[in-house]
Amino acid sequence: PYYREAGLELSAAGSGPGRAPFDEAMCQVVEELRPAVVSFHFGLPDEALLERVRRAGAMVLSSATTVEEARWLDARGVDAIIAQGVEAGGHRGMFLTDDIGAQPGLYALLPQVVDAVGVPVIAAGGIADGRGIAAAFALGAAAAQLGTAYLLTPQAGRSAIHRQAVRAARDDATRLTNLYTGRPARGLLTRFMREQGPMSAVAPAFPLATGAVDPLRAAVEKRGSGDFSLLWSGEAAALARETDAEALTRQLWDDALDCAAGLRAGMAARAG
């Protein structure tokens, strides 16, 4: 019905995946460019490819959404683990389970992962200001990873539709959905998500759903509508700031230091 509404033939749907796993071709790019860091989502590639990434000199990171996943990654020698809370925008990094109801929020997950592994832990999910960064460090994170906070910066390259949706976002604006790719991902609520999900048992398996949705999204976006757009965003979208990315980064750092100093002073006063 949506294709008919958009004036599309069903033959416009793509038959192939919109994404591909880390494979020989991607590994060759890593070996050629020798990046300092290679970060994986959905677990790790097979051991032969992973060893080639290491020999190229890259630090290896990967995401964990549970303590079990963090331990699995630690046992396979990653250099750091990204603890991804349920608040995070985009795809869940889950790979040992498909139960999204079991994924903890960041500030419950983070200290448990820190206690369970022997490598540095990077906090991700719902962090969008200095307070969130300071809280992550207080819970044992070695670093904080922010994405949604930058969606309104010019360097993010987001579409006008995406930017407008972020500007209008409130604390209840996002949902987890599998409609767009076949795997759970958090984004701003759209008509498509309201009418067909946001989670649906009939969504094509990852990553095949992308081929079905993309022609529809593109056709409707040409009319200025985001009814079928991928508006990935974390729960803290309302905290995103419309400023230059470098200026935002420096401000976040300064605010985090101020918050951390205030926290230490408060603890010292209570101890005294």
So LEU73 fits all but one of (1) assigned to a loop (DSSP other than H, G, I, E, B); (2) under 30 Å from LEU230 (Cα atoms); what number is the exception? (1)
Segment 50-70 - residue that is within 26 Å of ALA185 (Cα to Cα) and either of a type in the set (Phe, Trp, Tyr) or not in a strand (DSSP E or B) (or both) and, of those, nearest to the chain's Cα centre (by Cα): THR65
Top-ranked residue in segment 114-137 [being assigned to a loop (DSSP other than H, G, I, E, B) and out of contact with any strand residue (DSSP E or B) (no Cβ under 7 Å at 6 or more places or on another chain); ranked as surrounded by the fewest Cβ atoms within 10 Å (Cβ to Cβ)]: GLY118
What is the residue count in segment 190-222 for residues that are open to solvent by less than 60 Å² (accessible area, probe 1.4 Å), free of Cβ contacts under 8 Å to residues at least 24 places away in the same chain and part of a loop (DSSP other than H, G, I, E, B)? 4
Can you tell me which residues in segment 91-113 are closer than 20 Å to SER39 by Cα and surrounded by 19 or more Cβ atoms within 10 Å (Cβ to Cβ)? HIS91, ARG92, GLY93, MET94, PHE95, LEU106, LEU109, LEU110, VAL113
Across segment 1-52, what is the total count of residues that are surrounded by 13 or more Cβ atoms within 10 Å (Cβ to Cβ) and either farther than 24 Å from ALA80 by Cβ or among the polar types (S, T, N, Q) (or both)? 10
Tell me which of these LEU176 doesn't satisfy, since it passes every other one: (1) in contact with a His (Cβ under 9 Å, 6 or more places away or on another chain); (2) assigned to a strand (DSSP E or B). (1)
Restricting to segment 138-149, name every residue that is crowded, with 19+ Cβ neighbours inside 10 Å and either modelled with pLDDT under 95 or in a helix (DSSP H, G or I) (or both). THR148, ALA149
Does VAL29 qualify as being touching a strand residue (DSSP E or B) at 6+ places or on another chain (Cβ under 9 Å), over 25 Å from ARG183 (Cα atoms) and part of a helix (DSSP H, G or I)? no
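The values are calculated or read from the model by the stated rules, or taken from the named source; none is laboratory data. Treat the numbers as computed from the prediction; the structure is a model and nothing was measured. Positions of Cβ are generated from backbone atoms using ideal geometry, with glycine treated the same way; all protein chains shown enter the neighbour counts. These area figures cover heavy atoms from the full protein model, side chains too; ligands, DNA and RNA do not enter into them. Shrake-Rupley method; radii C 1.70, N 1.55, O 1.52, S 1.80 Å.
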